[in-house]
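Following: one structure in structure tokens, then a few remarks.
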Amino acid sequence: MDRPSRSEGAIVVKLRLEDGEEVPLKVDTGGPETILDESFASKLGPRIGTKPAAFAFNLRAGAQGIYRAPKLYAGDTELLTGSQVYTVKSAASASQPGKGILGMDCLRHYCIQFDFAAGKMRFLEPDHLDTNELGEPFLINMGPQGHTFFDADLLGQGKMRFLLDTGMDGPFDAMLAPKVFERLLHQYPTIGPDLYMTVPDGRAASGNIFPRVSLRGQTYTDLWFSSVDLRPRRVKGIIGMRFLARHKITLNFPKRTLYFKCISSAPLAAGPSASQHQSVAPTGGRRFAQSVIGHQRRLLPVADGGP
């Protein structure tokens, strides 16, 4: 899998179409659908229709074309996908990698492991896992749209619902509901300036840097948490790539089980680019606002809002 650094950034896997053309896609456990850049539309056959594009943090992303799903391959293996694929205009860049999204309509068929220290994405046999080596298990609740939700007492505030979102590749470890965030502020000290960000649909997010927080008996350092109104309201937090990359994550979707194994309490140190490693086939960006640093106030990249 390709990532700009070991500590943060999107997961991009290089798949290919039936004609051999490479398709780099951002792996998104928070996205229900596989989406391709509209430049691939000419290879997808007749358009079935269109629908409004609605991403979690960009509800005004325009229209999506609807097409019959093409065959997608990881190496020589054809991946299982949904019956349809969607297209949207996007622009791959250093801060917004990939030419689309590999969504849960594909990922839900597989047992996938993200080994961030090794820079590998592995497809594993769901019925033959050595679970003793995978870390703490949590039940996955995929919901009606196929998102990766799980319920846990991560913050010492009681069990609540979180979205595990590999598509959230911005500067924060997690986005938390305001009341959850406020309780953390009363429990733990923060350092540095307050952080502010505006997501593409206009919602404001504020945040703080927590030098040390205890999560389920493990002390983590240098955590960046933000406060933002989340939708739907029953979701109390979105766990993003900056936090996930501290772990080996195993998502056994066929068995509805998620495993967390901490490999680093701090963000992974800079190391060899993950692009030097390969994803293992099965036997699934940020736009920047003007940067300003002022008295107790720092403006951050806007949150990712889709491809």
When restricted to Val213, Val180, the only residue modelled with pLDDT of 95 or more and outside any strand (DSSP E or B) is Val180
Residue by residue through segment 139-168, note down the ones that are loosely packed, with under 14 Cβ neighbours inside 10 Å and among the small types (Gly, Ala, Ser).
Gly156, Gly158
Could you tell me whether any residue of segment 213-223 is over 27 Å from Pro137 (Cβ atoms) and not acidic (Asp, Glu)?
no
Please indicate, with yes or no, whether at least one residue in segment 154-175 is under 16 Å from Ile239 (Cα atoms), in a strand (DSSP E or B) and charged (D, E, K, R).
yes
Do you know which residues across segment 185-212 are under 23 Å from Gly156 (Cα atoms) and either buried (at least 20 other Cβ atoms within 10 Å of the Cβ) or among the hydroxyl-bearing types (Ser, Thr, Tyr) (or both)?
Tyr188, Thr190, Ala205, Ser206, Gly207, Asn208, Phe210
Name every residue in segment 10-38 that is under 15 Å from the mean Cα position of the chain (by Cα) and part of a strand (DSSP E or B), in order of residue number.
Val12, Val13, Leu25, Lys26, Val27, Ile35
Within segment 125-149, how many residues turn out to be at pLDDT 90 or above and within 25 Å of Ile35 (Cβ to Cβ)?
4
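If we keep just the residues of segment 226-256 that are assigned to a strand (DSSP E or B) and out of contact with any Phe, Trp or Tyr (no Cβ under 6 Å at 6 or more places or on another chain), which is surrounded by the fewest Cβ atoms within 10 Å (Cβ to Cβ)? Working first, answer last.
Residues of segment 226-256 assigned to a strand (DSSP E or B): 226-227, 235-239, 247-252.
Next cut, out of contact with any Phe, Trp or Tyr (no Cβ under 6 Å at 6 or more places or on another chain) only: 235-236, 238, 248, 251-252.
Values: Val235: 17, Lys236: 23, Ile238: 23, Lys248: 21, Leu251: 25, Asn252: 22.
Among residues in segment 226-256 that are assigned to a strand (DSSP E or B) and out of contact with any Phe, Trp or Tyr (no Cβ under 6 Å at 6 or more places or on another chain), the one surrounded by the fewest Cβ atoms within 10 Å (Cβ to Cβ) is Val235.
The values are calculated or read from the model by the stated rules, or taken from the named source; none is laboratory data. All figures in this text were calculated on a predicted structure; none of them were measured in a lab. Cβ coordinates were reconstructed from backbone atoms using ideal geometry, including for glycine residues, and neighbour counts include every protein chain displayed.
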